[in-house]
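Remarks on the structure that follows.
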Amino acid sequence: VSVCVRNAGQVLRPPEDGLPYLRRGNDLRLEPGAVTVRDGLIAAFEDDPAADVIIDARGGAVLPGFVDCHTHLPFAGWRAREYEQKVTGVPYEEIARSGGGIASSARALAEATDEAVLAQASALREEMLRLGTTTVEGKTGYGLSVEGELRSVRLGRALGLDRVTGLFAHAVPPGVERTAWMDEVDRLAAAATVDALDIYVESVAFTNDDLERLGEIAAREGVPLRAHVEQFNANRSTPVALAAGARSVDHLACLHPDDLAPLARAECAAVLLPGAEFLGAEHTPPARALADAGAICVLATDCNPGTSPVASMPVIIGLAVRRYGWSVREALAAATLNAAWVLGLHEERGSLEVGKRADLIVLDGPAEHIPYRFGHDPVAAVVRGGEVVWRRP
Ligand code: NIG
Ligand code: FE
């Protein structure tokens, strides 16, 4: 099967082929053109009038599909009541301490059948796909028991997530000692097959020592280490994560100024989550400075029922451009190739290059309209693995 997208006003391409990530997003090129895909792969940047399917881009942009490298799928239910509490003045950490937060989503997950969890998560994935996200990572973390976490891994696989991360160290289960739970995390990491390990370091969760220990566990298991750090406080977890060889540090709203330059130099991505920052009225990370210093900057939705019930990468890009002072191309690099690198998928996805998997989206206008027409859904068509999986009616 072949698909040809023609009459694009802009085709987003890297400055050269084979780059694992971009430390300068502005190196991306946006030029008019066409893309032809064949047998699931990008075949050429030219028109093919004989293609089986022709999509007229009508002057709009063609981009690689978005890569959402940080979500908390699968989860059960939502927590809208807590959001209302939060905006009317109750801090997240207090909500968490009083049985809300992660614990309440853990109860909801435990009470939901596999079918119900998969139905909700599949619907969300479908929504993400229509909004241009062709690759999705998800995390465990609402299981909150050994069996619950193993079930989450299984549900994540059943959902067909592109990557399943073991966030076994998300919250300390009620009635368990933190260090005793870390022993369980160690056993879970050995027992479960996951694509990466993650931890939530915060006053209400785990410590820098636990992060160091998870780094050893990840090295032993041969999987990348990722970490939720500096979300509500400057815990100085970033140097610990860097020393442990982390693939990414995520959140960073309270990144300590002294930790910025080492992070920017490291081969470790700065995954920024402006949905959580905006909806939680969190601090804003030094995103402009990180980009200027050449960090591997990444954007993701953090889609979860607590801090960021957001599924839309276009909305995330809109928030980032406005709040971080990033150019559109900086935000696009962060939402595509750099995010694919976090997941170890950069060789086959994340940018439009001949031979890469044909994951691309056609927008109804220029790329600059994504942040500018904030809240508008710009996605007119989605091609994943060479197949047209969504076309706006
Ligand atoms: O990435 N910070 C920790 N974990 C999630 C929130 C989880 C929840 O509140 O349910 C996050 O923001
Ligand atoms: Fe998260």
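The values are calculated or read from the model by the stated rules, or taken from the named source; none is laboratory data. Not measured: the values here are computed from a predicted model. We place every Cβ from the backbone using ideal geometry, glycine too, and count neighbours over all the protein chains shown.
Residues that are over 30 Å from R288 (Cα atoms), surrounded by fewer than 19 Cβ atoms within 10 Å (Cβ to Cβ) and modelled with pLDDT of 95 or more occur at least once in region 60-79. Residues in region 126-179 that are among the β-branched types (V, I, T) and touching a residue at least 60 places away in the same chain (Cβ under 8 Å): T133, T134, T135, V136, T165.
Within region 128-152, restricting attention to residues that are under 18 Å from L299 (Cβ atoms) and of a type in the set (D, E, K, R), the residue that is nearest to ligand 2 (Cβ to nearest atom) is K139. The set of residues in region 103-127 that are under 19 Å from the mean Cα position of the chain (by Cα) and within 16 Å of ligand 2 (Cβ to nearest atom) comprises A121, L124. In the set (1) surrounded by fewer than 24 Cβ atoms within 10 Å (Cβ to Cβ); (2) more than 16 Å from ligand 1 (Cβ to nearest atom); (3) aliphatic (A, V, I, L, M), the condition left unmet by L279 is number (2).
Whether any residue in region 334-348 is buried (at least 24 other Cβ atoms within 10 Å of the Cβ), within 16 Å of ligand 1 (Cβ to nearest atom) and modelled with pLDDT of 95 or more is what I want to check. Taking every residue of region 334-348 in turn, at least one turns out to be buried (at least 24 other Cβ atoms within 10 Å of the Cβ), within 16 Å of ligand 1 (Cβ to nearest atom) and modelled with pLDDT of 95 or more.
Here the condition is being of a type in the set (V, I, T) and touching a residue at least 60 places away in the same chain (Cβ under 8 Å); of V194, V229, V204, V185, it holds for V204 alone. Give me the residue from region 245-276 that is away from ligand 1 (no atom under 13 Å from the Cβ) and in a loop (DSSP other than H, G, I, E, B) and, out of that set, farthest from F374 (Cα to Cα). That would be G245.
When residues in region 239-254 are screened for being in contact (Cβ under 8 Å) with a residue 24 or more places away in the chain and within 16 Å of ligand 2 (Cβ to nearest atom), 9 of them pass. Applying the selection to region 84-120, what residues are of a type in the set (S, T, N, Q) and assigned to a helix (DSSP H, G or I)? Once the filter is applied, which keeps residues that are of a type in the set (S, T, N, Q) and assigned to a helix (DSSP H, G or I), region 84-120 yields Q85, S104, S105, Q120. Does G222 fit the bill of being surrounded by fewer than 23 Cβ atoms within 10 Å (Cβ to Cβ) and under 25 Å from G65 (Cα atoms)? No; evaluated as a whole, the condition is false for this residue.
Scanning region 205-244 for residues that are assigned to a helix (DSSP H, G or I), of a type in the set (A, V, I, L, M) and within 16 Å of ligand 1 (Cβ to nearest atom) yields L211, L214, A241. The one condition from (1) farther than 23 Å from R323 by Cα; (2) crowded, with 24+ Cβ neighbours inside 10 Å that L252 does not meet is (1). If you filter region 294-325 down to residues that are assigned to a loop (DSSP other than H, G, I, E, B) and free of Cβ contacts under 8 Å to residues at least 60 places away in the same chain, you find that the one that is nearest to ligand 1 (Cβ to nearest atom) is S308. Among the residues of region 81-101, those that are buried (at least 17 other Cβ atoms within 10 Å of the Cβ) and either modelled with pLDDT under 85 or away from ligand 1 (no atom under 13 Å from the Cβ) (or both) comprise Y92, A96. Candidates in region 128-165 are the residues that are within 14 Å of ligand 1 (Cβ to nearest atom) and more than 19 Å from A108 (Cβ to Cβ); of these, the one that is farthest from the chain's Cα centre (by Cα) is T165.
Taking region 17-66 and the strands (runs of 3 or more DSSP E) fully enclosed by it, the elements with 1 or more residues that are farther than 24 Å from V136 by Cβ and among the charged types (D, E, K, R) are at 29-38, 53-56.
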